[in-house]
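Trainee: So that we are looking at the same thing, I have put the structure below in structure tokens.
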Amino acid sequence: MAGKPKFIFVTGGVLSSLGKGLASAAIGALLESRGLTITLLKLDPYINVDPGTMNPFQHGEVYVTDDGTETDLDLGHYERFVNVRLGADHNFTTGKIYDSVIQKERRGDYLGGTVQVIPHITDEIKQNILQTAQGVDVVIVEIGGTIGDIESLPFLEAIRQFRFDVGEENVLYVLLTFVPYIPTAGEVKTKPTQHSVKELRSIGIQPDIILCRTDRFLSKEIKAKIALFCNVSHDAVITAKDVDCIYEVPLVYNQEKLDDKILEYLNIWTGSPRLEMWHHLMKQINNLKHQVRIAVVGKYTDLTESYKSLNEALFHAGVYNDAKVELHFIDSSTLTKENVAEALLGADGILVPGGFGARGVEGKILAIQYARENKVPYFGICLGMQLAVVEFARNVAGFKTAHSSEFDENTEFPVIYLMREWFDEKTQSVQKRDVNSDKGATMRLGAYPCHLPLKESYAYKAYQAEKISERHRHRYEFNNEFMKALEEKGFVFSGLSPKGDLVEIIELKDHPWFLGCQFHPEFKSRPMTSHPLFREFIKASLENRVQKDS
Ligand code: GLN
């Protein structure tokens, strides 16, 4: 489809956590299945400039894109559902918008004018949306927060104006609301939806399509009632029924003819959707033959949102291996020498994910030791790789007090440390930093190339390639001074930066599968193309289970 780009704005009413991110991603998937090129962006009303410094407990995972932007976890949904590569231009917050407007004001760009929310902030928002539209047919824009929040007002005002700027026929407003079933009344209630629409209309936006999140398919009568009270056509009221598996969402929307309606409103002509891959995926998911139990030893055990991409990557790898992955979250701060074996007894595979902060570090090291000694498949991601180095250095290579200088600044054996100087592939220049460097600014972030020189390594066997690229988010690195000593004891360095100065993957000899990587492979796993390392880890864990059973 050539011609002017179209814009779909997805807002949410009634309450948060209805799944606007997933809804936007699923709409993207449906449009892509019709041959359209699309992109997605998320506008977040909070004041942090980006979510990089936000606590995962509060905000869920920080998702990292190829270009090294620390973004909202919804961008993870987008990339998993749609063939798009997103980056800095695809997630902006109130903080980022104000930051840019204030910088312009300081530079004198506004020529002495009074800088105001309307038009300066709203113009900045609109411009940020417009700049992502180049070369795509449809831009899907998700507005964070809930209708009625004070913070989201400038964003809503901007998207209201947007329709006038680019033409009515090029803009569509989708509202996701909640239609609860009240057991004592024996019926679903539409009033919250009516109120959200009223609220949205008071800002000047009339939704075109209402997506009703609910636990059952809505009857014709209910849809007619919502249509009447909310001023939309009957077939623009769509049931967004709860599903067991998020990858079913595009199919449920398609069944409700949401894609037809969107195309009709935006006046786009395409062929019918090619949803075979999604149907095939769901068939696989619904018929998984095996089961495998993975212990995730980490810090954020209460909220699955904190490890969103990790959970998804494990799930994808399970589907690939025809296995349901049962996740067992273990709070590493509860692990002791005495209880570690009992805690991990039922685990077919053990994984230590990325993390920051000292809490629970010794517990993670105990879990790694258990995996190494008992030959349980182990996968260490970022911090999980660093601690595998610490464990091996201490317990095998004889550096009894080894540690990462993140947790013990004065350790005699800093096997993981802040590298002072290294060659940065991104900027093609030598980078320097010291302990006093500003927190946010010193991380190695985003995609970096990695070489896999050893054909016999688990890494090479998984990727089947000599050169790979993966996303990073960390400050500390392996200290090359210890390379030889660890190698002599059976440690394998199977992934290195192109110049060889940064260790990216480590493994163990004489172990069924023990691998740690300095990057975060979970960000690149997709439901239909599971990530090679996760795939191999789950495969080894399944083999371990079979062996235990026999
Ligand atoms: N805290 C470690 C570092 O900064 C690991 C970070 C991570 O696991 N993402 O290097």
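Trainee: Can you find even one residue in the stretch 370-380 that is of a type in the set (Ser, Thr, Tyr) and within 16 Å of the ligand (Cβ to nearest atom)? Explain how you work it out, then say what you get.
Mentor: Residues of the stretch 370-380 of a type in the set (Ser, Thr, Tyr): 370, 378.
Now drop any that are not within 16 Å of the ligand (Cβ to nearest atom), which leaves 378.
Within the stretch 370-380, one or more residues are of a type in the set (Ser, Thr, Tyr) and within 16 Å of the ligand (Cβ to nearest atom).
Trainee: Take the stretch 115-132 and flag every residue that is among the hydroxyl-bearing types (Ser, Thr, Tyr) and either over 23 Å from the mean Cα position of the chain (by Cα) or at positive phi (or both).
Mentor: Of all residues in the stretch 115-132, those among the hydroxyl-bearing types (Ser, Thr, Tyr) come to 122, 132.
Once the filter is applied, which keeps residues that are among the hydroxyl-bearing types (Ser, Thr, Tyr) and either over 23 Å from the mean Cα position of the chain (by Cα) or at positive phi (or both), the stretch 115-132 yields only THR122.
Trainee: Please work out if ALA367 is touching a residue at least 60 places away in the same chain (Cβ under 8 Å), assigned to a helix (DSSP H, G or I), within 23 Å of MET54 (Cβ to Cβ) and within 16 Å of the ligand (Cβ to nearest atom).
Mentor: On the way: touching a residue at least 60 places away in the same chain (Cβ under 8 Å): yes; assigned to a helix (DSSP H, G or I): yes; within 23 Å of MET54 (Cβ to Cβ): no; within 16 Å of the ligand (Cβ to nearest atom): yes.
It is false that ALA367 is touching a residue at least 60 places away in the same chain (Cβ under 8 Å), assigned to a helix (DSSP H, G or I), within 23 Å of MET54 (Cβ to Cβ) and within 16 Å of the ligand (Cβ to nearest atom).
Trainee: Considering only residues that are assigned to a loop (DSSP other than H, G, I, E, B) and crowded, with 24+ Cβ neighbours inside 10 Å, which ones fall in the stretch 377-386?
Mentor: Restricting attention to the stretch 377-386, the residues satisfying the condition of being assigned to a loop (DSSP other than H, G, I, E, B) are 377, 382.
Of everything in the stretch 377-386, just one residue is assigned to a loop (DSSP other than H, G, I, E, B) and crowded, with 24+ Cβ neighbours inside 10 Å, namely PRO377.
Trainee: Considering LYS499, LYS539, LYS484, which residue is farther than 27 Å from LEU445 by Cα, exposed (fewer than 15 other Cβ atoms within 10 Å of the Cβ) and either in contact (Cβ under 8 Å) with a residue 24 or more places away in the chain or over 25 Å from the mean Cα position of the chain (by Cα) (or both)? Break it down into steps so the answer makes sense when it comes.
Mentor: Numbers: LYS499 fails: farther than 27 Å from LEU445 by Cα; LYS539 fails: exposed (fewer than 15 other Cβ atoms within 10 Å of the Cβ).
When all the criteria are applied, what remains is LYS484.
Trainee: Quick check, is VAL101 free of Cβ contacts under 8 Å to residues at least 60 places away in the same chain, in contact with a His (Cβ under 6 Å, 6 or more places away or on another chain) and over 30 Å from SER469 (Cβ atoms)? Spell out the reasoning first.
Mentor: Working: free of Cβ contacts under 8 Å to residues at least 60 places away in the same chain: yes; in contact with a His (Cβ under 6 Å, 6 or more places away or on another chain): yes; over 30 Å from SER469 (Cβ atoms): yes.
Yes: the conditions hold for VAL101.
Trainee: Residues of the stretch 114-137 being in contact with a Leu (Cβ under 7 Å, 6 or more places away or on another chain) and either over 14 Å from LYS42 (Cα atoms) or among the aromatic types (Phe, Trp, Tyr) (or both), which ones?
Mentor: Passing the criteria: only ASP137.
Trainee: Having 1 or more residues that are over 23 Å from THR442 (Cβ atoms) and not hydrophobic (A, V, I, L, M, F, W, C) is the bar; report the strands (runs of 3 or more DSSP E) wholly within the stretch 1-109 that clear it. I'd like the intermediate steps shown before the answer.
Mentor: Working: elements: 6-12, 38-44, 91-93.
So the answer is 6-12, 38-44.
Trainee: Is there a residue in the stretch 319-342 that is without any contact (Cβ under 8 Å) to a residue 24 or more places away in the chain, away from the ligand (no atom under 16 Å from the Cβ) and in a helix (DSSP H, G or I)? Explain how you work it out, then say what you get.
Mentor: Pass one, the stretch 319-342, residues without any contact (Cβ under 8 Å) to a residue 24 or more places away in the chain: 338-339, 342.
Still in the list and also away from the ligand (no atom under 16 Å from the Cβ): 338-339, 342.
From the residues that got through so far, the ones that are in a helix (DSSP H, G or I) too are 342.
Looking through the stretch 319-342, at least one residue is without any contact (Cβ under 8 Å) to a residue 24 or more places away in the chain, away from the ligand (no atom under 16 Å from the Cβ) and in a helix (DSSP H, G or I).
Trainee: Just to be sure I understand, how many residues within the stretch 41-60 are at pLDDT 85 or above and within 14 Å of the chain's Cα centre (by Cα)?
Mentor: The qualifying residues number 2.
Trainee: Additional query: Looking only at the stretch 315-322, decide whether some residue is at pLDDT 95 or above, of a type in the set (A, V, I, L, M, F, W, C), surrounded by 18 or more Cβ atoms within 10 Å (Cβ to Cβ) and more than 14 Å from ILE538 (Cα to Cα).
Mentor: No, the stretch 315-322 contains no residue that is at pLDDT 95 or above, of a type in the set (A, V, I, L, M, F, W, C), surrounded by 18 or more Cβ atoms within 10 Å (Cβ to Cβ) and more than 14 Å from ILE538 (Cα to Cα).
Trainee: Then there is this: Please state which of the following conditions VAL389 fails to meet, knowing it meets all the rest: (1) touching a residue at least 24 places away in the same chain (Cβ under 8 Å); (2) assigned to a loop (DSSP other than H, G, I, E, B).
Mentor: (2)
Trainee: Where residues in the stretch 48-107 are more than 21 Å from PHE7 (Cα to Cα) and hydrophobic (A, V, I, L, M, F, W, C), which of them is surrounded by the most Cβ atoms within 10 Å (Cβ to Cβ)?
Mentor: VAL64
Trainee: Do we have any residue at all in the stretch 394-410 that's in a loop (DSSP other than H, G, I, E, B), under 25 Å from the mean Cα position of the chain (by Cα) and either away from the ligand (no atom under 16 Å from the Cβ) or loosely packed, with under 15 Cβ neighbours inside 10 Å (or both)?
Mentor: Looking only at the stretch 394-410, we keep the residues that are in a loop (DSSP other than H, G, I, E, B), and these are 396-402, 405-410.
Now restrict to residues that are under 25 Å from the mean Cα position of the chain (by Cα): none.
There is no residue in the stretch 394-410 that is in a loop (DSSP other than H, G, I, E, B), under 25 Å from the mean Cα position of the chain (by Cα) and either away from the ligand (no atom under 16 Å from the Cβ) or loosely packed, with under 15 Cβ neighbours inside 10 Å (or both).
Trainee: How many of the residues in the stretch 143-177 are surrounded by fewer than 20 Cβ atoms within 10 Å (Cβ to Cβ), in contact with a strand residue (DSSP E or B) (Cβ under 7 Å, 6 or more places away or on another chain) and of a type in the set (A, V, I, L, M, F, W, C)?
Mentor: Residues flagged as surrounded by fewer than 20 Cβ atoms within 10 Å (Cβ to Cβ), in contact with a strand residue (DSSP E or B) (Cβ under 7 Å, 6 or more places away or on another chain) and of a type in the set (A, V, I, L, M, F, W, C) within the stretch 143-177 amount to 1.
Trainee: GLY354 is checked against (1) assigned to a loop (DSSP other than H, G, I, E, B); (2) surrounded by fewer than 22 Cβ atoms within 10 Å (Cβ to Cβ); (3) within 12 Å of the ligand (Cβ to nearest atom) and fails just one. What number does that condition carry?
Mentor: GLY354 satisfies all of (1) assigned to a loop (DSSP other than H, G, I, E, B); (2) surrounded by fewer than 22 Cβ atoms within 10 Å (Cβ to Cβ); (3) within 12 Å of the ligand (Cβ to nearest atom) except (2).
Trainee: Just give me the residues in the stretch 244-282 being among the polar types (S, T, N, Q) and in contact with a Gly (Cβ under 7 Å, 6 or more places away or on another chain), in sequence order.
Mentor: First, the residues of the stretch 244-282 that are among the polar types (S, T, N, Q): 254-255, 267, 270, 272.
Passing the criteria: only THR270.
Trainee: Search the stretch 407-436 for residues that are more than 25 Å from ALA397 (Cβ to Cβ) and pair each with any residue that is at pLDDT 90 or above and among the polar types (S, T, N, Q) when their beta-carbon atoms are under 7 Å apart and the residues are at least 6 apart or on different chains.
Mentor: Once the first residue is more than 25 Å from ALA397 (Cβ to Cβ) and sits in the stretch 407-436, its partners that are at pLDDT 90 or above and among the polar types (S, T, N, Q) give GLU425/SER497.
Trainee: List the pairs whose first member sits in the stretch 104-122 and is of a type in the set (A, V, I, L, M, F, W, C), whose second member is part of a loop (DSSP other than H, G, I, E, B), and whose Cβ atoms are under 9 Å apart, counting only residues at least 6 apart or on separate chains?
Mentor: Final answer for the pair search is ILE121/VAL115.
The values are calculated or read from the model by the stated rules, or taken from the named source; none is laboratory data. Every value quoted in this text rests on a predicted model; they were computed, and no experiment measured them. Note: ideal-geometry Cβ built from the backbone for every residue, glycine included; neighbour counts use all protein chains shown.
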